[in-house]
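Data first, discussion second: the structure below is written as structure tokens.
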Amino acid sequence: TKIKKYKILMKENIKIQQLEKDFQDYEKSFGFLFNEYIERVKRTVYSKGWYYNIYPFENEIDGFRKGRLLKNKPAKINKIMEYGFDNDGRIILVIEHITPEICNYSFVSYIDSKITIYKYVGGIPLLQNITMVVLSKTELIDALYNFGKYGYRIDTYFCNSSDEILNVHRKAKEHTSNQFIECDFLFKYNDGELSTIEQSYTNGYSKIIYSI
């Protein structure tokens, strides 16, 4: 109904406005966050390529295959992922080592039914975007909101009765544009394991972005 759609739009606008404010507040907070989070890291794990997801299929939906764990910190740190875990076994810090001098950093906050990720990139780390993952009462993903330097996006998740993600509907908009670009990510499974993710646009174009 029109009323339901209006309520959804109002909810989305409130979330995006909150993230926009947070982006302004945290734009120059890298040093503060780094010092806070590095103190809270109790265990560190290294991998070649992306290995862990902060939320389900975080990396697969971007087309990344799972990397491999490393027993120790490698001598050559280029293109190595570093994961910091807290006392509760949660990932709170992700460092993507691009070169020995350049890293991307993600600081992860868990509060109530929200996961918030602050991502900084570059040699002098600048805030690239903030992601807010909203969980349902059963701790499944309800929606994802992302606000960045160049635009924002809203992902809505749809699951089946077995709690498997079937579809993620994405609306994305650049700050300089008045129009949304919309697409769907369609998930297929084989014996309970993810087999493919297909990205499908409203104009009929589609492509497989992940397959095992």
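Please go through the range 44-78 and give me each residue that is surrounded by 13 or more Cβ atoms within 10 Å (Cβ to Cβ), of a type in the set (D, E, K, R) and in a loop (DSSP other than H, G, I, E, B), ordered by number.
Glu58, Lys66, listed by residue number.
Quick check on the range 28-40. Is at least one of its residues more than 18 Å from Val121 (Cα to Cα), aliphatic (A, V, I, L, M) and either surrounded by 14 or more Cβ atoms within 10 Å (Cβ to Cβ) or under 21 Å from the mean Cα position of the chain (by Cα) (or both)?
no
Can you tell me which residue in the range 95-146 is most open to solvent (accessible area, probe 1.4 Å), limited to those that are in a loop (DSSP other than H, G, I, E, B) and under 30 Å from Ile8 (Cα atoms)?
Step one: of the range 95-146, the residues in a loop (DSSP other than H, G, I, E, B) are 98-102, 112-113, 122-125, 136-140.
Now narrow it down to the ones that are under 30 Å from Ile8 (Cα atoms): 112-113, 136-140.
Values: Asp112: 153, Ser113: 54, Ser136: 41, Lys137: 209, Thr138: 104, Glu139: 144, Leu140: 47 Å².
Filtering the range 95-146 for residues that are in a loop (DSSP other than H, G, I, E, B) and under 30 Å from Ile8 (Cα atoms), the one most open to solvent (accessible area, probe 1.4 Å) comes out as Lys137.
Just to be sure before I move on: is Glu182 assigned to a loop (DSSP other than H, G, I, E, B) and of a type in the set (Asp, Glu) in the structure I sent? Steps first, answer last, please.
Values: assigned to a loop (DSSP other than H, G, I, E, B): no; of a type in the set (Asp, Glu): yes.
No; evaluated as a whole, the condition is false for this residue.
Modelled with pLDDT of 95 or more, open to solvent by 30 Å² or more (accessible area, probe 1.4 Å) and polar (S, T, N, Q): does that describe Asn203?
Against the criterion (modelled with pLDDT of 95 or more, open to solvent by 30 Å² or more (accessible area, probe 1.4 Å) and polar (S, T, N, Q)), Asn203 does not qualify.
Find all pairs meeting these conditions: Cβ atoms under 7 angstrom apart; at least six residues apart or on different chains; first residue within the range 183-208 and under 12 Å from Glu164 (Cβ atoms) and in contact (Cβ under 8 Å) with a residue 60 or more places away in the chain; second residue open to solvent by 60 Å² or more (accessible area, probe 1.4 Å) and not in a loop (DSSP other than H, G, I, E, B).
Phe187/Leu166
Checking the structure you have, find out if any residue of the range 2-18 is assigned to a helix (DSSP H, G or I), open to solvent by less than 30 Å² (accessible area, probe 1.4 Å) and under 18 Å from Ile117 (Cβ atoms).
Yes; the residues of the range 2-18 include at least one that is assigned to a helix (DSSP H, G or I), open to solvent by less than 30 Å² (accessible area, probe 1.4 Å) and under 18 Å from Ile117 (Cβ atoms).
The values are calculated or read from the model by the stated rules, or taken from the named source; none is laboratory data. Just so you know, these numbers come straight off a predicted model, no measurement behind them. Glycine gets a Cβ as well: all are built from the backbone with ideal geometry, and neighbour counts include every protein chain shown. Ligands, DNA and RNA are stripped out before the accessible areas are found, and what is left, the full protein with its side chains, is counted by its heavy atoms. Shrake-Rupley method; radii C 1.70, N 1.55, O 1.52, S 1.80 Å.
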